[in-house]
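> Pasting in a structure now, in structure tokens, and then I'll have a few things to ask.
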Amino acid sequence: MSASSLPPSGLVRMNPPVFYFAASFILLFGVVVIALPEQAGAWLLAAQNWAANTVGWYYMLAMTLYLVFVVVTALSGYGKIKLGADHDEPEFSYLSWAGMLFAAGISITLFFFCVSEPLTHMLQPPQGEAGTADAARQAMQILFLHWGLHGWGVFAFVGMALAYFAYRHNLPLALRSALYPLIGKRINGPIGYAVDGFGIIATVFGLGADMGFGVLHLNSGLDYLFGIAHTQWIQVGLITLMMGAAIIVAVSGVDKGVRVMSDINMLLACALLLFVLFAGPTQHLLNTLIQNLGDYLGALPMKSFDLYAYDKPSDWLGGWTVFYWAWWIAWSPFVGLFIARISRGRTIREFVFGVLLIPLGFTLAWMSIFGNSAIDQVLNHGMSALGMSAIDNPSMTLYLLLETYPWSKTVIAVTVFISFVFFVTSADSGTVVLSTLSAKGGNPDEDGPKWLRVFWGAMTALVTSALLFSGSIDALKSAVVLTSLPFSLILLLMMWGLHKAFYLESQKQIAQLHSLAPVSGSRRGGWRQRLSQAVHFPSRDEVYRFLDSTVRPAIEEVSAVFVEKGLKVITQPDPANDNVSLEIGHGDEHPFIYQVQMRGYFTPSFARGGMGSKELNNRRYYRAEVHLSEGSQNYDLVGYTKEQIINDILDQYERHMQFLHLVR
């Protein structure tokens, strides 16, 4: 697994098979639903009932497997593996990284469900008597299940797979890369492109559901403040307005300003949470938060597999837990790509527990404080109208709760503003991620073309509008459950591929311990030349000439002997990407890959002499680094003779043969 086997292109461009497959499906779906809204709504609801009754058990099992996989991996010896080369350091400090993970946990849907969902579970529980203290306690347990570890487990899994294969094995930052251990170079064929296509389809519908819930929530806020009616055309107008703003942000380069607004928005959200905590029954809310957490953790193993199989058949499981599991799966490429990009250089253990715990803490605190505030109003203060609103008009329920607090008009106006900014920033990020998933070429940290962002923004708006016309909330839920089903199977294959890659890496590390004779001879020129080389920081041209005059002849000489021995040899000089590589095939066994890549670094300050400040900032030096199939080996060949390079190739080849012996 390396860039030698899958050389990247320097230009980011559309990936036609992925784009046309995903776009055709989504466009056809949108047109059919808009043309036949009532029939489409009935079909979607029937399909969701089928899915809940037929594969509900599968969704429950799959989500638990994703969570168990990431936790076991993090606690095992694989947890020490870096998401990147062994010498890579994290780009962000712990504090900055934690802040970005915290931001990933906030979404407009927190506002929609934080009050309406626990009240609905209390008044229409899956088990037991409705409207009691026991029903309220069960409602919070279910709420924590839906917003807890399972969802962040699938995000951590997808993010770990994307980062591991992109940053450690130099494969594309794409979902298909996780299948490389299973199908090899065929990830760049129909199978791999289908994987990315299904990922895009699931993401569009997951994002569409988020946008749908968000626009219903915003419409209710505008209705409360200004009397703007709840109509489908008003909601389409809001979708168009906000998605248009998101597209402008995504393509205009004003992203920095929106990020500042987003940071302010998160502070406002935290202020709103603290306001509800301290302006309400503070002691009760703190008590219930701790009790809810204990109830959730204590019941987690049982609830992870609870299908209510011995109760009277109902649509509750499909409408809630199965929908949530499908929704988390649909969102996993979106959030997974984000957290992968900010986590290069982290160990798998750091990554998994950071992703699982940092956003989770805020999410559960938010749900507990708002949910228990609403339950307290219904159970202890006779606000039955609030409970009925959760069932009949869930998008209005949060505003009715805030109406009971001081300065309610101001607080509700701030809530609408916060929701609007979260809507725009989520849609902006979603279009960028979709453009990246449907593109190829470039570096892993480069986004897709701007025109793709516009296209996917329009497609998401189309899907959201179509689903609202065909049945509002029920249609949103049904579409997510159906489109996530094939992608959930792909995630299981990705899990298999990731596990196989971890196993192979562990065996490779054992093989590296195999005793070998040191590289023969000293570097040219004796110890004085060796010392001079140690404090020399070569330019790009020097290293390029070294690759051309020394490394390439060494690889060609070794290749000729391998060919004489009857082995399949592929040499890949790649001047455009400043590398030269050798691949030795062994039939169905893992190929041996030896690549020398030019990499640039900033020159240390002590070596810059009397340079000016501009030169000081821009001066770079270059190394000819050895990469094997598992990534960079963090040593430089500059200064080696051709014979020493040949010996190094043979050393690594003997280690590879030892590795093949261990994994046969």
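> Condition first: closer than 12 Å to Met598 by Cα and open to solvent by 90 Å² or more (accessible area, probe 1.4 Å). Now tell me which residues in region 530-565 satisfy that.
Arg540, Asp541, Tyr544, Arg545
> Every residue in region 176-215 that is closer than 26 Å to Thr240 by Cβ and either over 15 Å from the mean Cα position of the chain (by Cα) or surrounded by fewer than 24 Cβ atoms within 10 Å (Cβ to Cβ) (or both), please.
Those that are closer than 26 Å to Thr240 by Cβ and either over 15 Å from the mean Cα position of the chain (by Cα) or surrounded by fewer than 24 Cβ atoms within 10 Å (Cβ to Cβ) (or both): Ile201, Phe205, Gly208, Ala209, Asp210, Met211, Gly212, Phe213, Gly214, Val215.
> Tell me which of these Asp315 doesn't satisfy, since it passes every other one: (1) closer than 21 Å to Leu482 by Cα; (2) under 26 Å from the mean Cα position of the chain (by Cα); (3) open to solvent by 30 Å² or more (accessible area, probe 1.4 Å).
(2)
> Next question. Sort out which residues of region 638-664 are touching a Pro at 6+ places or on another chain (Cβ under 7 Å) and not in a loop (DSSP other than H, G, I, E, B), and write them in order of number. Outline the logic, then answer.
Step one: of region 638-664, the residues touching a Pro at 6+ places or on another chain (Cβ under 7 Å) are 638, 642.
Of everything in region 638-664, just one residue is touching a Pro at 6+ places or on another chain (Cβ under 7 Å) and not in a loop (DSSP other than H, G, I, E, B), namely Lys642.
> Which number in (1) more than 40 Å from the chain's Cα centre (by Cα); (2) at pLDDT 85 or above marks the one condition that His536 misses?
Answer for His536: the failing condition is (2).
> Another one. Considering Thr460, Thr425, which residue is at pLDDT 85 or above, assigned by the TED database to the domain that holds Gly159 and closer than 30 Å to Ser116 by Cβ? First the steps, then the outcome.
Working: Thr425 fails: at pLDDT 85 or above.
Among Thr460, Thr425, only Thr460 is at pLDDT 85 or above, assigned by the TED database to the domain that holds Gly159 and closer than 30 Å to Ser116 by Cβ.
> Among the numbered conditions (1) of a type outside the set (Asp, Glu); (2) over 15 Å from Asn265 (Cα atoms); (3) open to solvent by less than 60 Å² (accessible area, probe 1.4 Å), tell me where Lys409 comes up short.
The failed condition is (3).
> Can you name the residue in region 84-103 that is without any contact (Cβ under 8 Å) to a residue 60 or more places away in the chain and part of a helix (DSSP H, G or I) and, of all such residues, is surrounded by the fewest Cβ atoms within 10 Å (Cβ to Cβ)? Walk me through how you get there before you give the answer.
The initial filter retains those residues of region 84-103 that are without any contact (Cβ under 8 Å) to a residue 60 or more places away in the chain, namely 93-96, 99.
Keeping just the survivors that are part of a helix (DSSP H, G or I) gives 94-96, 99.
On the way: Tyr94: 11, Leu95: 8, Ser96: 12, Gly99: 16.
In this case the residue turns out to be Leu95.
> Now for a different question. Tell me the residue from Asp474, Asp428 that is open to solvent by 30 Å² or more (accessible area, probe 1.4 Å) and within 24 Å of Ala209 (Cβ to Cβ), please. Explain how you work it out, then say what you get.
On the way: Asp428 fails: open to solvent by 30 Å² or more (accessible area, probe 1.4 Å).
Step by step, each of Asp474, Asp428 is checked, and only Asp474 is open to solvent by 30 Å² or more (accessible area, probe 1.4 Å) and within 24 Å of Ala209 (Cβ to Cβ).
> Let me ask something additional. Among the numbered criteria (1) modelled with pLDDT of 90 or more; (2) surrounded by fewer than 16 Cβ atoms within 10 Å (Cβ to Cβ), which single criterion is violated by Met495?
Answer for Met495: the failing condition is (2).
> Something else: Does Gly639 satisfy being at pLDDT below 80, open to solvent by less than 20 Å² (accessible area, probe 1.4 Å) and either closer than 29 Å to Gln509 by Cβ or in the same structural domain as Asn170 (by the TED database) (or both)? Talk me through it step by step, then tell me what you get.
Details: at pLDDT below 80: no; open to solvent by less than 20 Å² (accessible area, probe 1.4 Å): yes; either closer than 29 Å to Gln509 by Cβ or in the same structural domain as Asn170 (by the TED database) (or both): yes.
Against the criterion (at pLDDT below 80, open to solvent by less than 20 Å² (accessible area, probe 1.4 Å) and either closer than 29 Å to Gln509 by Cβ or in the same structural domain as Asn170 (by the TED database) (or both)), Gly639 does not qualify.
> Additional query: Is it the case that Leu467 is within 18 Å of Met243 (Cα to Cα), out of contact with any His (no Cβ under 9 Å at 6 or more places or on another chain), open to solvent by 10 Å² or more (accessible area, probe 1.4 Å) and assigned to a helix (DSSP H, G or I)?
Working: within 18 Å of Met243 (Cα to Cα): yes; out of contact with any His (no Cβ under 9 Å at 6 or more places or on another chain): yes; open to solvent by 10 Å² or more (accessible area, probe 1.4 Å): no; assigned to a helix (DSSP H, G or I): yes.
So Leu467 does not fit the description; no.
> For the structure I just gave you, tell me whether Trp320 is closer than 23 Å to Asn53 by Cα, modelled with pLDDT of 90 or more, out of contact with any Pro (no Cβ under 7 Å at 6 or more places or on another chain) and open to solvent by less than 30 Å² (accessible area, probe 1.4 Å). Full working, then the answer.
Working: closer than 23 Å to Asn53 by Cα: yes; modelled with pLDDT of 90 or more: yes; out of contact with any Pro (no Cβ under 7 Å at 6 or more places or on another chain): yes; open to solvent by less than 30 Å² (accessible area, probe 1.4 Å): no.
So Trp320 does not fit the description; no.
> Could you tell me whether any residue of region 434-443 is open to solvent by 60 Å² or more (accessible area, probe 1.4 Å), touching a helix residue (DSSP H, G or I) at 6+ places or on another chain (Cβ under 7 Å) and touching a residue at least 60 places away in the same chain (Cβ under 8 Å)?
no
> Checking the structure you have, find out if any residue of region 121-141 is assigned to a helix (DSSP H, G or I), under 26 Å from the mean Cα position of the chain (by Cα) and not polar (S, T, N, Q).
no
> Right, something else. From Ile26, Ile106, grab the single residue that is assigned to a loop (DSSP other than H, G, I, E, B), assigned by the TED database to the domain that holds Val424 and buried (at least 21 other Cβ atoms within 10 Å of the Cβ).
Working: Ile26 fails: assigned to a loop (DSSP other than H, G, I, E, B).
So the residue among Ile26, Ile106 that is assigned to a loop (DSSP other than H, G, I, E, B), assigned by the TED database to the domain that holds Val424 and buried (at least 21 other Cβ atoms within 10 Å of the Cβ) is Ile106.
> Going by what's in this entry, would Gly128 be described as of a type outside the set (A, V, I, L, M) and touching a residue at least 40 places away in the same chain (Cβ under 8 Å)? Steps first, answer last, please.
Values: of a type outside the set (A, V, I, L, M): yes; touching a residue at least 40 places away in the same chain (Cβ under 8 Å): no.
Judged against the criteria, Gly128 is not a match.
> Let me ask something additional. Across region 642-664, which residue is nearest to Leu547 (Cα to Cα) among those that are surrounded by 18 or more Cβ atoms within 10 Å (Cβ to Cβ) and among the β-branched types (Val, Ile, Thr)?
Here the answer is Ile645.
> Does region 442-458 hold any residues that are in contact with a Ser or Thr (Cβ under 6 Å, 6 or more places away or on another chain) and outside any loop (DSSP other than H, G, I, E, B), and which are they? Give the derivation first.
Let us first name the residues in region 442-458 that are in contact with a Ser or Thr (Cβ under 6 Å, 6 or more places away or on another chain), namely 447-448, 452-453, 456-457.
Passing the criteria: Leu452, Arg453, Trp456, Gly457.
> Next up: Looking for whichever is assigned by the TED database to the domain that holds Phe455 and either over 27 Å from Asp306 (Cβ atoms) or surrounded by 23 or more Cβ atoms within 10 Å (Cβ to Cβ) (or both) here; the options are Ala130, Ala135, Ala163. Which one fits? Steps first, please.
Working: Ala130 fails: either over 27 Å from Asp306 (Cβ atoms) or surrounded by 23 or more Cβ atoms within 10 Å (Cβ to Cβ) (or both); Ala135 fails: either over 27 Å from Asp306 (Cβ atoms) or surrounded by 23 or more Cβ atoms within 10 Å (Cβ to Cβ) (or both).
None of the other options fit; the residue is Ala163.
> Sticking with this one: What number of residues within region 294-308 are part of a helix (DSSP H, G or I) and open to solvent by 70 Å² or more (accessible area, probe 1.4 Å)? Walk me through it before giving the result.
Kept after step one, since they are part of a helix (DSSP H, G or I), are these residues of region 294-308: 294-303.
Narrowing further to those that are open to solvent by 70 Å² or more (accessible area, probe 1.4 Å): 297, 301-302.
Residues in region 294-308 being part of a helix (DSSP H, G or I) and open to solvent by 70 Å² or more (accessible area, probe 1.4 Å): 3 in total.
> What about Asn287, is it surrounded by 15 or more Cβ atoms within 10 Å (Cβ to Cβ) and either assigned to a helix (DSSP H, G or I) or in contact with an Asp or Glu (Cβ under 9 Å, 6 or more places away or on another chain) (or both)?
no
> Oh, and also: For region 213-234, which residues satisfy the criterion of being outside any loop (DSSP other than H, G, I, E, B) and at pLDDT below 90?
Gln232, Trp233
The values are calculated or read from the model by the stated rules, or taken from the named source; none is laboratory data. Everything quoted here is computed from the prediction, not taken from an experiment. Every residue, glycine among them, receives a Cβ derived from its backbone with ideal geometry; neighbour counts consider all protein chains shown. Please note that ligands, DNA and RNA were not included when accessible areas were found on the heavy atoms of the full protein model with its side chains. Shrake-Rupley method; radii C 1.70, N 1.55, O 1.52, S 1.80 Å.
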